[in-house]
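Report on the following structure.
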Amino acid sequence: MAHLEQFRDPDLSLWQSAVDEVVAKHTGAARAESVGGKPVIQRPDSSDSMVEGAIVDLKAESANQPLQPPATTAQAATEGVGAFAQFCSTAARQLAWAKIRGDQAQIAACEAQFAKYGQCDSGWLEVAEKYAQFQLQIKLQGGKVPYRVYKSIDDFVIDGKLPANAKVGIVGDWGTGDNTAKQVLAQMARKKPDVVIHLGDIYYSCTDFEAQSYFLQIWKTYFDPAKIPSFTLSGNHDMFGGGQPYYKLIDGLNQPASYCCLRNDNWQFVMIDTGLHDRTPGGCEPTFLEDTELAWVKQRIATAGARKTVLLSHHQLFTRYSHIVDPPPLGQPGMAVNQKLQQQLGDVLPQAALWLWGHEHDFVVYEKQMGVLARCLGHGAFPVLVSKPPKVQHPEIAANDAIRPGQNGNFFCHGYAIMELNGCEATVSYYQDTDEDNPQWVDKL
């Protein structure tokens with residue numbers, strides 16, 4: 001399993017996306033592999049010097065200690081090409097932002113810097129150009145996500161596609177495009193679900209290249225959206241690319257909007273969009289629902305009739321092992337509860353049978369609280385090092401600490417859920433990828 005790094009900042013994540021796309025296209029033929037009999041691009045990881053260089057550069061930037069390229073060519077000559085990549089990343093980002101601002105003098109200065117050192121891979125110039133394209137496209141959108149508002153409050157309700165005795169596969173934070181993601185989806189496919197739902201996050205920024213290469217291309221090798229209804233929710237990383245690639249993706253899945261309701265006579269899966277308002281650099285404020293969407297959600301609950309409701313989102317309502325805003329703003333304590341979502345949805349939560357969310361790359365079996373039975377299911381594919389285990393941050397949030405992800409080498413295990421509907425009853429089985437036959441936990445609803 002390869003190690004990946006993520007940043008909860010749209011500008012830094014977009015830089016990772018630019019590096020990834022350039023490296024993937026340069027090495028694509030050599031790294032492509034067969035999945036379901038079809039060639040699929042293998043995502044570059046930190047074994048590539050440009051990917052690793054970008055990580056070092058962005059870690060320094062996020063710590064407000066940006067790296068400075070060597071002052072002289074003699075100093076540059078002492079650095080190996082791989083070690084020098086971190087400085088190349090910094091210099092290339094400076095060039096990209098000069099292009100975005102249209103600062104011709106700064107563009108010339110940055111290009112001269114590259115020529116002066118001669119150590120930087122020419123791919124960094126492509127990365128700078130790609131990143132400038134990303135940012136300028138978002139600027140052309142006015143920074144607005146192409147979020148869809150219903151015309152009728154009963155829009156985005158899907159009937160006739162959820163059998164009475166259905167099997168629903170659910171996975172969160174799955175869009176890494178690496179071998180682990182493929183293995184998890186293969187396990188889910190062997191359980192033959194009738195519907196498959198992804199709780200959001202295609203890394204690093206859900207650019208069009210990432211959405212198509214690391215989500216849709218792989219997804220279609222296991223689940224044909226024309227035959228098996230497929231959904232992917234809006235996560236924070238899905239909005240970092242401006243949102244257009246995400247909406248192109250859901251159109252390819254025949255998903256009507258970033259929020260929708262799939263239902264039969266006994267159950268309804270109410271999928272909500274918590275990603276729209278989490279594009280703030282650093283994630284300084286808790287996310288929330290649009291007022292129109294909140295009215296739509298409450299209408300689904302009010303008109304449920306005999307149906308039981310399952311809520312699904314990317315973001316969590318509360319957390320035990322992390323913080324709602326993570327890391328917390330400097331000098332402020334971490335929050336255990338998203339008070340905005342609590343105020344919006346608190347009155348309808350007792351009417352939900354279950355709420356499944358992701359965002360944290362973890363599996364957490366929460367005790368019922370705040371009127372809702374909840375599970376964190378965000379361990380679909382993103383690698384979490386065993387050397388950096390999640391720690392209890394909010395003991396006041398009750399959970400079963402005995403049920404935690406196991407270990408698989410240097411990383412924690414990944415997993416998914418299979419919900420089997422049987423009329424008005426349901427069983428939710430939570431599997432780890434190291435044992436696809438025996439669930440780690442089971443809920444009876």
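The values are calculated or read from the model by the stated rules, or taken from the named source; none is laboratory data. Owing to the predicted nature of the structure, the values given are computational and were not obtained by experimental measurement. All Cβ positions, glycine included, derive from the backbone under ideal geometry; neighbour counts span all protein chains shown.
The set of residues in segment 228-276 that are on the phi > 0 side of the Ramachandran plot and surrounded by fewer than 20 Cβ atoms within 10 Å (Cβ to Cβ) contains only Asn254. Selection over segment 195-213 of residues that are surrounded by 24 or more Cβ atoms within 10 Å (Cβ to Cβ), in contact (Cβ under 8 Å) with a residue 60 or more places away in the chain and touching a strand residue (DSSP E or B) at 6+ places or on another chain (Cβ under 7 Å) gives a count of 7. In segment 179-218, the qualifying residues are those that are basic (Lys, Arg) and part of a helix (DSSP H, G or I), and the one that is nearest to Lys25 (Cα to Cα) is Lys182.
For segment 282-321, a residue qualifies if it is within 24 Å of Asp362 (Cβ to Cβ), out of contact with any Leu (no Cβ under 8 Å at 6 or more places or on another chain) and in a loop (DSSP other than H, G, I, E, B), and the qualifying residues are Gly282, Gly283, Cys284, Glu285, Gln316, Thr319, Arg320, Tyr321. Of the residues making up segment 416-426, those that are of a type outside the set (A, V, I, L, M, F, W, C) and either surrounded by fewer than 15 Cβ atoms within 10 Å (Cβ to Cβ) or within 12 Å of Lys308 (Cβ to Cβ) (or both) are Asn422, Gly423, Glu425. On inspection, Glu360 fails the criterion of being surrounded by 16 or more Cβ atoms within 10 Å (Cβ to Cβ) and part of a helix (DSSP H, G or I). Checked against the criterion of being of a type in the set (Asp, Glu), closer than 24 Å to His361 by Cα and surrounded by 24 or more Cβ atoms within 10 Å (Cβ to Cβ), the candidates Asp178, Asp173 yield just one match: Asp173. Taking the criterion of being assigned to a strand (DSSP E or B) and either surrounded by 13 or more Cβ atoms within 10 Å (Cβ to Cβ) or without any contact (Cβ under 8 Å) to a residue 24 or more places away in the chain (or both), the residues of segment 367-398 that qualify are Gln369, Val372, Ala374, Arg375, Cys376, Leu377. All conditions but one from (1) modelled with pLDDT of 95 or more; (2) within 18 Å of the chain's Cα centre (by Cα); (3) surrounded by 21 or more Cβ atoms within 10 Å (Cβ to Cβ) apply to Arg279; the one that does not is (1). Residues considered: Asp437, Asp401, Asp443. Of these, the only one that is among the charged types (D, E, K, R) and in a strand (DSSP E or B) is Asp443. Scanning segment 39-82 for residues that are assigned to a helix (DSSP H, G or I), modelled with pLDDT under 85 and either more than 29 Å from the chain's Cα centre (by Cα) or β-branched (Val, Ile, Thr) (or both) turns up Thr73, Ala74, Gln75, Ala76, Ala77, Val81. Do you know which of the residues in segment 39-56 that are closer than 16 Å to Gln6 by Cβ and out of contact with any Phe, Trp or Tyr (no Cβ under 8 Å at 6 or more places or on another chain) is surrounded by the most Cβ atoms within 10 Å (Cβ to Cβ)? Filtering first and then ranking leaves Pro44. Of the residues making up segment 343-366, just one is in contact (Cβ under 8 Å) with a residue 12 or more places away in the chain, out of contact with any Phe, Trp or Tyr (no Cβ under 7 Å at 6 or more places or on another chain) and among the polar types (S, T, N, Q), namely Gln351.
Here's the yes/no breakdown for (1) touching a helix residue (DSSP H, G or I) at 6+ places or on another chain (Cβ under 9 Å); (2) more than 29 Å from Arg279 (Cβ to Cβ):
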residue	(1), (2)
Ala353	no, yes
His361	no, no
Tyr366	no, no
Val372	yes, no
Pro383	yes, no
Lys388	no, no
Pro395	no, yes
Ala398	no, yes
Gly409	no, yes
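Checked against the criterion of being farther than 25 Å from Tyr246 by Cα and small (Gly, Ala, Ser), the candidates Ala304, Ala295, Ala381 yield just one match: Ala304. Out of curiosity, is Gly160 assigned to a loop (DSSP other than H, G, I, E, B), buried (at least 24 other Cβ atoms within 10 Å of the Cβ) and at positive phi? So Gly160 fails the test.
Within segment 404-415, the set of residues being surrounded by fewer than 18 Cβ atoms within 10 Å (Cβ to Cβ) and in a loop (DSSP other than H, G, I, E, B) comprises Gly406, Gly409, Asn410.
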